[in-house]
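Undergrad: Below you will find the structure I want to go over with you.
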Amino acid sequence: MKRLAFLLTPILVLALVLGGLACGDDDDDKAPTQPPTATTQPTDTSTPPPPPPTAAGTIKIGIIGPMEFVQGEHHWYGAQMARDEINAAGGISVAGEMYLIELERADSNELFSTADAVTAMERLITADNADFVMGGIRSEAVLAMQDVAMDYKTIFLGCGASEAELCARVKQDYDRYKYWFRVTPFSGLNLVKNVLFELGIAGAIITQGTGFEGPLKVAVLAEEAAWSEPVVGALNAFVPAKLGMEIVGVWKPSATATDVSTELSAIENSGAHIVVPILSGPVGIPYGKQLGELEIPVASVGINVEAQKVGFWDATGGYGNYMTDLNFYAQGVAVTEKSVAFVDAFIEKFDEIPTYNAGTYEAILLLKGAIERAGTLDTDAVVAELEKTDMIGPGARIVFTGNDTPEPHDITYGPGYATAIATQWQDGEMKCIWPNLGVDEWEGIMYDGTVMWQIPPLLAQRLSSE
Amino acid sequence: MIEGILINGLVKAGLYALLATGFSLIFGVTRIINLAHTALYMLAAYGLYYFGQELGLSLGVSIALALVVTVIIGALTYKLFIERIREHHMTVLLITLAFAIIFEEAMAREFSRDAVTVPSFISGYWEVAGVKVLIQRWLALGTAFVALIGLWLLLTKTKLGTAIRAAGQDAEVANLMGINVPRTFLITAGLAATLAAISGIVIGPTLGVVPHMWTDPLIMVMAIVVLGGLGSLKGSVIAAFILAYVEVIVCYSFPEHCYMSRAIALGAMILTLMVRPEGLFGTSFEEERL
Amino acid sequence: MVHPSRKRDYKLISRLIRDFNGDVLTVPGRVIALIFVFVLLLFPLANNDPHILRILIMANIYVVFAVSWDLLSGYTGQMNLGHALFFGVAAYVAALLNIHYGLDPWLTIPIGGVAAAIAGLLVCLPALRLRGPYLALVTLALPFVAVAIVLLFKSTTNGDMGLYGIGRIFSSFEDPRDNMIVTYFFSLVMMLPSVLIMWKLTDARSSIVRLGIIFHAIREDEIAARACGINTVRYKFIAFAVGGFFAGIAGGFYAHFLRVVNPQDTLGVFLSFEVIMYTVFGGICSIYGAVAGVYFARAFVWDYLLTDVVEVDVGIKRMSLAIIMVLVLLFMPQGIAVWIRDKIEKTCPRCKLNNAFFRRNCRACGAELHVVKKKSIAPDMSSG
């Protein structure tokens, strides 16, 4: 038996390693990445289109994120799309000379270890000599990664962390933190505004459609995490005051929970009409599935990152119908004139609807604009030009907040700027339901492809009998 | 609210008990802290997905295949890797952790880190005393009940069960009495893997199946086993009920602090152990020497 | 004519040199340790790449953390699966003192260590009553309770987001690369004495400190140790306080080095398991095993080999490291460093001194060095 073990061990391990490598190759096929090369090699043999003869050099952009998770994946996809597009068109012109974009991919492991993320960032800047870095998803880790990038005076375009402090630092110490810009998403407080708008629309349609009188009851189901904290606080303050709805309770399961059936049971017991999920983890799937399968007569309106993915419908077996969520891209919805083409190209290339992390595409585009306007790669000159950015990308018109605002270098939120959208799953399709029917400054803001929000039939039934 | 607590607690306790008894069995008999126990539960859930959804086999066949494959993996891991270094307890702990990570990453390579789902065996829900619970979860509770009864019968009424208990109490003396201890240990490891696989198969459809789903229940399972007392299956079941009800009560009474339920359950475990250091139904170690 | 006092000096120096020649240079393990320390001290001359230095600084932090776990759990057998508790407590204390009272790192790190030592004394209370797996599980649960406390006092601890903007270890130079080199030396100043102290404390053959031999006794048979008149309670308290203190030093240094402290990174369950992984991989109950484990598994394999040489994603890194661990431990279950030491050193059967593997006779007593297999001192952690 012992000899057998000796024989079998290497075979098993070999199989495991080969399996791992084989699957790694599969990923490479899907997303053309650079083959593993030693960092001492000055130039990577990546897979950009053949350089035009005029190319004077390359601009190296570090793409850093948790590459095995959906946030990192879409971050990388967005970067690839921008690179391929720009390089195919000849590259970035700096004072008359054309530079090609070269991407340097770094897996930060930031969801599990800030130390790894900071090491990856330092390596990207000092060893791989990245001229610019983009990424950063987990706010706690980005606070540390930002400091490293600022130490080396490297421009760091944030693509994923919503923490307000990241931009507030620019105000506190401009000279040190001016190299930081946030391209996606907007800060936590603006996320709440969108959720409130969604709730407002749902509330109005429910009252009109069913003739229900009296305040609607709202239950909040928020994972306990750094990013959800300000969202829940603002919901508590504004939902009763602005919308006249009643909050019957806030349930906060842990961020690692795999099951929320107890919470759902308690929420149903509380008599809520609307559940506001604030979830980013995989628990969003059992949440959607059980809400439907248990036939709980409520509407779900909030932020459920799982429901932003194209696979949500199948994953819930259709039980996720009528889920309404904050979103950034949807097929066939023209947030700007570039949206539809971008989302279609993205789906064709990667077979997925882009999530907010794909904003890296815009980040590279606006960096290109700033470099070309500055006519140099000098960091301070590029920062000055970045501040003047006014670009229409596929997700939004991007204008950075000014240095007189409390949080400079953030993207401007509001009608005419970045608004994001809200989507509802309607019989297997993700439909945009907001912005529409706007009032005040939102008047007239409605993107092509927007439809009406639909009341979940069970809720309509329940309300008309109440 | 009381009905909600009672029924949700009951269902949760059943699942915990099913997961914990397997851990308790291998821990009590072979003294191995098997950190890969819940990884087997994860593997079984993925097995169900793979055979049922990707290969499109029928439900019965995919359940059987998922069960068999998981048990074979569990038993092989024990036979090939753990048995040879059983004497080094910390090394065993580490190797089981390494295997849990290997299993997790293997699944992440194969199925990506996005959640996959398995449809319920019987969709819909069953309402008892005004509380809706998925039929799948009732099914899981029933399975847990049957599996635990079966395990109890096996351990108390059969020769094999006697051998397992004897090997667990004193391996050397059991060996002298003519029991094939290595074989008994292997069977125990297989039994524990079976229990883990059963729980993965019946709970999997109610969850989003992700590669790192093994870490969340692991701590609770270990706490249950220790609170119940080492090697006491009865203790494990009762401790599963205690900790599950603590969690559910916290969630109902302090909804804004649901995330605390785990810490409070663990705090309850610590306090209980301070009063009864050998767990609720464990034997005292005071007279035992290493 | 040499002055008498000068003569004494010469004598002392020559004795030191003789001891050095006799006791250090003749034992391969000690020569390797010595070379290792010199390499660490001179490393920035060869390579001052900031990210390599950062990897080594992190390794130094983990070394102190892992060695403190080895002292507590390896030597005394008090299996602690929640060592991150001490790390996290100290990181939070150091960060809070620095942010609110502006104390400098050289003050906050030791104060953090003391706070962690106090936490160690508190954890020791259940440890007096609980044994084996029961203690392991209680210690595993404690960081979860600590996280709950952190989340309960959000106004002070800032909840999940944690604390940020903590002062640096060293930041006087303009160029961050120069700062990194100085920080690296500070990390050595923290790591080398800490490891030396813990190594001396646990030296079972020491004639000055009796701790080492008593720790071994408590682990092997606590009742027998008590029967011999050893106040095991006192020594358990000492083990927890010392282990907690040094884990706290590591935690405090971490807080000032990374400049963010949050519950997941400093109190997480994986941090507790990580430290056990490195220590057991290197060799439990040996101090140098923990050092070797961290430098090999963490700094070399994880941060260098799988990141710089072969660039792979984190998932494949985790899987490869796990496979390497399984393979190595399967054939060297007592740990890689202990296994190597057993190969290059032989213990004299008569006077128990260590000798180089190529010697035939003991360097001290001249006894013939048979092929005596050195009895493994890896602890038996079972309670059954």
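Undergrad: For every helix of n ≥ 4 consecutive DSSP H residues, a contribution of -39,500 (n - 2.57) applies; sum these over chain A, divide by its total residues, and give [θ] at 222 nm rounded to the nearest 500 deg cm²/dmol.
TA: -13000 deg cm²/dmol
Undergrad: Would you please classify the overall shape of the protein assembly as shown from the alpha carbon gyration tensor, given that a ≥ b ≥ c denote the square roots of the eigenvalues, rounded means a/c under 1.5, and beyond that prolate means a/b larger than b/c while oblate covers the rest?
TA: It comes out oblate by the Cα gyration axes.
Undergrad: State which helices in chain C qualify, where a helix is a whole DSSP H run, it must extend 30 Å or more along its own axis by its Cα atoms, and its mean Kyte-Doolittle hydropathy must be at least -1.0.
TA: TM-like helix candidates: C:105-129, C:132-152, C:176-201, C:232-258.
Undergrad: A follow-up question, please. Starting from the Cα gyration tensor of chain B, take the square roots of the eigenvalues, sort them a ≥ b ≥ c, and report rounded, prolate or oblate (rounded when a/c is under 1.5, otherwise prolate if a/b is larger than b/c, else oblate).
TA: oblate
Undergrad: Please work out the FRET efficiency for the pair C:F36 and A:K388, using the Cβ-Cβ distance as r and a Förster radius of 51 Å; give the result to the nearest 0.05.
TA: 0.40
Undergrad: Next up: Suppose each label sits 7 Å from its Cα in the direction of the beta carbon; what would the B:W126-A:K242 distance come out to in nanometres?
TA: Here the modelled spin labels are 4.5 nm apart.
Undergrad: Still on this structure: Taking the Cα atoms of chain C, what is the range of coordinates along each of the three principal axes, in descending order and whole Å?
TA: 67, 56, 51
Undergrad: While we're on this one: Please give the net charge around C:L12, taking every other residue with its beta carbon less than 13 angstrom from that of C:L12, where Lys and Arg add +1 and Asp and Glu add -1.
TA: +4
Undergrad: Could you list C:M325, A:M323 so that the one with the fewest beta carbons within 10 Å of its beta carbon is first and the one with the most is last?
TA: Final ranking by Cβ density, sparse to dense: C:M325, A:M323.
Undergrad: Give the aspartates and glutamates reachable from A:K309 as a straight Cα distance under 12 Å; neighbours fewer than 8 places away on the same chain don't count.
TA: Within reach: A:D325, A:D351, A:E352, A:E429, B:D114.
Undergrad: Something else now. Could you tally the net charge around C:F281, taking each other residue with its Cβ under 12 Å from the Cβ of C:F281, Lys/Arg +1 and Asp/Glu -1?
TA: Combined, the nearby Lys, Arg, Asp and Glu give -1.
Undergrad: Using alpha carbon centroids, what distance separates the stretch A:190-230 and the stretch B:91-157, in Å?
TA: 34 Å
Undergrad: At q = 0.06 Å⁻¹, what is the base-10 log of I(q)/I(0) for chain A according to the Debye formula with one equal point scatterer per Cα and no solvent? Please give it to two decimals.
TA: Result of the Debye calculation: -0.28.
Undergrad: Applying 1/(1 + (r/R0)^6) with R0 = 51 Å to the Cβ-Cβ distance of C:F358 and B:F254, what FRET efficiency is obtained, to the nearest 0.05?
TA: 0.15
Undergrad: What helices does chain B have that are whole DSSP H segments, at least 18 Å long along their own axis by Cα, and with mean Kyte-Doolittle hydropathy of 0.0 or more?
TA: Membrane-span-like by this criterion, though nothing is claimed about a membrane: B:2-30, B:37-49, B:59-77, B:89-111, B:135-157, B:181-203, B:215-228, B:233-253, B:261-275.
Undergrad: Nearest 10 degrees is fine. How inclined is helix A:2-30 to the longest principal axis of chain A, computing both from alpha carbons?
TA: 90 degrees
Undergrad: I've got another one for you. Straight-line reach from C:K343: which lysines have Cα under 27 Å away, leaving out those fewer than 8 places along the same chain?
TA: A:K2, C:K200, C:K352, C:K373, C:K374, C:K375
Undergrad: What order do you get for A:V298, B:V181 when you list them from fewest to most C-beta neighbours inside 10 Å?
TA: Listing A:V298, B:V181 from fewest to most nearby Cβ atoms yields B:V181, A:V298.
Undergrad: Run the numbers on the stretch B:2-213 and let me know its relative contact order in percent, using alpha-carbon pairs under 8 Å that are six or more apart.
TA: 40 percent
Undergrad: Here is a further query. Hey, which of these cross-link pairs are over 24 Å Cα-Cα: A:K252/C:K154; A:K252/A:K289; B:K132/B:K234; A:K252/B:K132; A:K178/A:K388; A:K217/A:K242?
TA: With Cα atoms farther than 24 Å apart: B:K132/B:K234.
Undergrad: Mind checking the mean number of beta-carbon atoms from other chains within 10 Å of the Cβ atoms in A:116-126?
TA: 6
Undergrad: Okay, moving on. Would you mind getting me the FRET efficiency between A:D314 and A:N129? Use the beta-carbon distance for r and R0 = 35 Å, nearest 0.05.
TA: E between A:D314 and A:N129, to the nearest 0.05, is 0.20.
Undergrad: For C:F173 and C:A46, calculate 0.36 nm times their separation in residues minus their Cα-Cα distance, and state this gained length in nm to one decimal.
TA: So the chain would gain 43.6 nm between C:F173 and C:A46.
Undergrad: Same structure again: If you take every residue apart from A:D116 with its C-beta less than 9 Å away from the C-beta of A:D116, what net charge results, scoring Lys and Arg +1 and Asp and Glu -1?
TA: Surrounding charge for A:D116 is -3.
Undergrad: Please give, to one decimal in nm, the separation of the simple spin-label points placed at C:D221 and C:V189, each 7 Å out from Cα toward the Cβ.
TA: It is 4.8 nm.
Undergrad: Please report the relative contact order for chain C, taking Cα pairs under 8 Å with a sequence separation of at least 6, and give it as a percent rounded to a whole number.
TA: 26 percent
Undergrad: Does the stretch A:200-332 come out rounded, prolate or oblate, given a ≥ b ≥ c as the square roots of the eigenvalues of its C-alpha gyration tensor, rounded meaning a/c under 1.5 and, failing that, prolate meaning a/b above b/c?
TA: rounded
Undergrad: Using only the alpha-carbon atoms, how far is helix A:360-374 inclined from the longest principal axis of chain A? Give it as 0 to 90 degrees, nearest 10.
TA: Once rounded, one gets 50 degrees.
Each reported figure results from applying straightforward, stated rules to the coordinates on display, with no laboratory input. These figures come from a predicted structure and were not determined experimentally. Neighbour counts are summed over all protein chains in view; Cβ atoms, including those assigned to glycine, are modelled from backbone coordinates with ideal geometry.
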